[in-house]
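**Student:** Sending over a structure as structure tokens; questions will come in a sec.
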Amino acid sequence: MLKKLNKDEIERPGFDLRWISFGSPSAIVTSMALIVGLDTATASRGTVLASLLIIGIADNLSDSLSVHIYQEAERLKQHHAFRTTIANYLARLTVAMSFFLIFMALPAVAAVWLSIGWGFFLLAVLSWLLAKDRGVSVWSEILKHTGVAGVVVVVSKLMGMAIRSVVGA
């Protein structure tokens, strides 16, 4: 008896957008939110850099493990689950480290602004790729995804302001 493959089990030749579509947006939005929130709360440069490293390595590793366990629970082929887990982690790490490098290379104020621009650019490119792959409106996807990221950044700014006012900095 032949088993019907679901869309997650289908092997796609070459680059598979699914490898980065889960982790990259999370790494982008989390990095932007962290930078804006900590900067607003008047965190030191060292605190922002350490936080980006923690997110880039530890948080992304734990999220990649979660993806792997989920894929195993979905009974995906072992090699597919492992490959996706590794690709997801590397994509997330690369994104987080790009923000780390921006913050290392520039003065804090410039790094914050460039990080916001870089994050929205990366998210727009990923949204464009996904829209093209799915055959849907590019602008609709870009606006939807960057809109959510914008809300997260604004909320992070507000949280930073609240923390700053509570601790009196």
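**Student:** Specify the angular offset, from 0 to 90 degrees and rounded to the nearest 10, of the alpha carbon long axis of helix 45-54 from the longest principal axis of the alpha carbons in the chain.
**Tutor:** With both axes taken from Cα atoms, the answer is about 20 degrees.
**Student:** I would also like to ask the following. How tilted is helix 138-167 with respect to the longest principal axis of the chain? Cα atoms for both, answer in degrees (0 to 90, nearest 10).
**Tutor:** Its long axis makes an angle of about 40 degrees.
**Student:** Something else now. Can you give the calculated 222 nm mean residue ellipticity of the chain, where each DSSP H run of n ≥ 4 adds -39,500 (n - 2.57) and the sum is split over every residue, rounded to the nearest 500 deg cm²/dmol?
**Tutor:** Numbers: 7 runs with 131 residues, N = 169.
Taken over the chain, the calculation gives -26500 deg cm²/dmol.
**Student:** If you don't mind, another one. Please give, to one decimal in nm, the separation of the simple spin-label points placed at Ala58 and His80, each 7 Å out from Cα toward the Cβ.
**Tutor:** A separation of 3.4 nm, rounded to one decimal place.
**Student:** Quick one: give the max-minus-min coordinate of the C-alpha atoms of the chain along each principal axis, largest first, in Å.
**Tutor:** Sorted from largest, the Cα extents of the chain read 69, 33, 29 Å.
**Student:** Also, quick follow-up: Calculate how steeply helix 78-105 sits against the longest principal axis of the alpha-carbon atoms of the chain, using the helix alpha-carbon long axis, and give the answer as 0 to 90 degrees to the nearest 10.
**Tutor:** With both axes taken from Cα atoms, the answer is about 20 degrees.
**Student:** When a footprinting reagent is the concern and you count Cβ atoms within 10 Å, what order do Asp39, Asp59, Asp133 take, fewest first? Walk me through the numbers before you get to the answer.
**Tutor:** On the way: Asp39 21, Asp59 17, Asp133 12.
The fewest-first ordering by Cβ neighbours comes to Asp133, Asp59, Asp39.
**Student:** Let me ask something additional. Given the Cα-Cα distance of Ile163 and Met104 and 0.36 nm per residue of separation, how much length would full extension add, in nm? Write out the running numbers ahead of the final one.
**Tutor:** Values: separation 59, 0.36 × 59 = 21.24 nm, distance 2.43 nm.
Once the chain is fully extended between Ile163 and Met104, it gains 18.8 nm.
**Student:** With the Cα gyration tensor of region 20-109 in hand, convert its eigenvalues to equivalent ellipsoid semi-axes via √(5λ) and list them largest first in whole Å. Walk me through the numbers before you get to the answer.
**Tutor:** On the way: eigenvalues 176, 24, 16 Å².
In descending order the semi-axes read 30, 11, 9 Å.
**Student:** In whole percent, what relative contact order does region 19-167 give with Cα contacts below 8 Å and a gap of six or more residues? Show your work: numbers first, answer last.
**Tutor:** Values: 150 pairs, mean separation 59.3, N = 149.
Once normalised by length, the contact order is 40 percent.
**Student:** Additional query: Starting from the eigenvalues of the Cα gyration tensor, five times each then square-rooted, give me the equivalent ellipsoid semi-axes of region 85-169, largest first, whole Å. Display every interim value, and only then the final one.
**Tutor:** On the way: eigenvalues 153, 63, 29 Å².
Equivalent-ellipsoid dimensions as semi-axes: 28, 18, 12 Å.
Laboratory data are not the source of any read-out in this text; all were calculated from the coordinates shown. As the structure is a computational prediction, the values presented were derived from the model and not from experiment. Please note: Cβ atoms are built from the backbone with ideal geometry, for glycine as well, and neighbour counts cover all protein chains shown.
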